[in-house]
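*Asks:* Have a look at this one before I ask anything.
Nothing in this text is a laboratory measurement; each read-out follows from the coordinates by a stated rule. Remember, it's a predicted structure, so these values are computed and weren't measured experimentally. FYI the Cβ positions are ideal-geometry reconstructions off the backbone, even for glycines, and counts take in every protein chain you see.
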Amino acid sequence: MSLAEIPAWVFVVEPYAGESLSHFLGRFRRANYSTVNELGEKSGLGAVLGRWEKFRFNPFPTQPQLEALAAVVRVDADRLQSMLPPQGVGMKHEPIRLCATCYMEEPYHRLEWQFKTTRGCDRHQLRLLSECPQCGARFKIPALWAEGICQRCSLSFAEMAKLQKPL
């Protein structure tokens, strides 16, 4: 797909340092009033984007796939690559994990929270949350974190920070 075929009205969304691809894609879709299906269609990637939003990178994204996505979201393919786990690093696609204290400071999902080797938040010395401490609901995929709240009881991630336990 050439840049000429992509509407000029696309709102550019800048990735955050360490942001997961899932969270970035969700922010991009919301800013552009788009769906994952529409983004998959425009990029030529189809349903693979839905898999990526769920941290399912098997097979791992190729450079041509990243370039196709980069053309649509208007972010460099190398920057998109940085939102993927390094080759050989094991990922947890379930449960989705969160350091509510980090999220309270800067509201975005960090890729490193999903690494199998990540035991907790090194910055705050807190355990990562994998469910709402108030109602026990598991977190939705980061692409769906529009408001930074539990989807079941509406407890904000900021309020959850007060309930995190130390490492």
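*Asks:* At 222 nm, what value in deg cm²/dmol follows for the chain if DSSP H runs of at least 4 each add -39500 (n - 2.57) and the sum is divided by all its residues, to the nearest 500?
*Replies:* Counting only the DSSP helices, I get -8000 deg cm²/dmol.
*Asks:* Just to be sure I understand the model, the point goes 7 Å from the Cα along the line to the Cβ. What's the resulting Lys165 to Ala77 distance in nm?
*Replies:* 4.5
*Asks:* For the range 106-165, state which trypsin sites (Lys or Arg not before Pro) are in a DSSP loop and have at most 10 other beta carbons lying within 10 Å of their beta carbon.
*Replies:* Of the trypsin sites (Lys or Arg not before Pro), the ones in loops of the range 106-165 whose Cβ has at most 10 other Cβ atoms within 10 Å are Lys116, Arg119, Lys162.
*Asks:* Using Cα pairs under 8 angstrom and six or more residues apart, how large is the relative contact order of the chain, in percent?
*Replies:* Once normalised by length, the contact order is 24 percent.
*Asks:* What FRET efficiency do you get for Val10 and Phe60 if R0 is 30 Å and r is their Cβ-Cβ distance, rounded to the nearest 0.05?
*Replies:* So, using R0 = 30 Å, E works out to roughly 0.70.
*Asks:* In the calculated pair distance distribution of the chain, what percentage of Cα-Cα distances lie above 19 Å?
*Replies:* Of all Cα-Cα distances in the chain, 55 percent exceed 19 Å.
*Asks:* Taking springs between alpha-carbon atoms closer than 10 angstrom, which of Ala70, Ala143, Ala31 fluctuates most in the Gaussian network model of the chain?
*Replies:* Highest fluctuation of the listed residues: Ala31.
*Asks:* Which of the GluC sites (Glu not before Pro) found in the range 49-150 are loop residues per DSSP with 13 or fewer other Cβ atoms within 10 Å of their Cβ?
*Replies:* Glu147
*Asks:* Which residues make up the longest stretch of the chain that has no chymotrypsin sites (Phe, Trp or Tyr not before Pro) in a DSSP loop with at most 15 other Cβ atoms within 10 Å?
*Replies:* Longest stretch, sites excluded: 34-167.
*Asks:* Provide the gained length on full extension for the span His93 to Ala146, in nm with one decimal, where the gain is 0.36 nm per separating residue minus the Cα-Cα distance.
*Replies:* The His93-Ala146 span can extend by a further 17.2 nm.
*Asks:* What's the FRET efficiency of Ala17 with Ser130 using the Cβ-Cβ distance as r and R₀ = 30 Å, to the nearest 0.05?
*Replies:* The computed FRET efficiency comes out at 0.80.
*Asks:* If one puts a single equal scatterer on every Cα of the range 100-161 and applies the Debye formula without solvent, what log₁₀ I(q)/I(0) results at q = 0.17 Å⁻¹?
*Replies:* -0.54
*Asks:* Starting from the Kirkwood Rh over alpha-carbon pairs, what translational D in µm² s⁻¹ does the range 13-81 have by Stokes-Einstein at 37 °C and 0.692 mPa s?
*Replies:* 277
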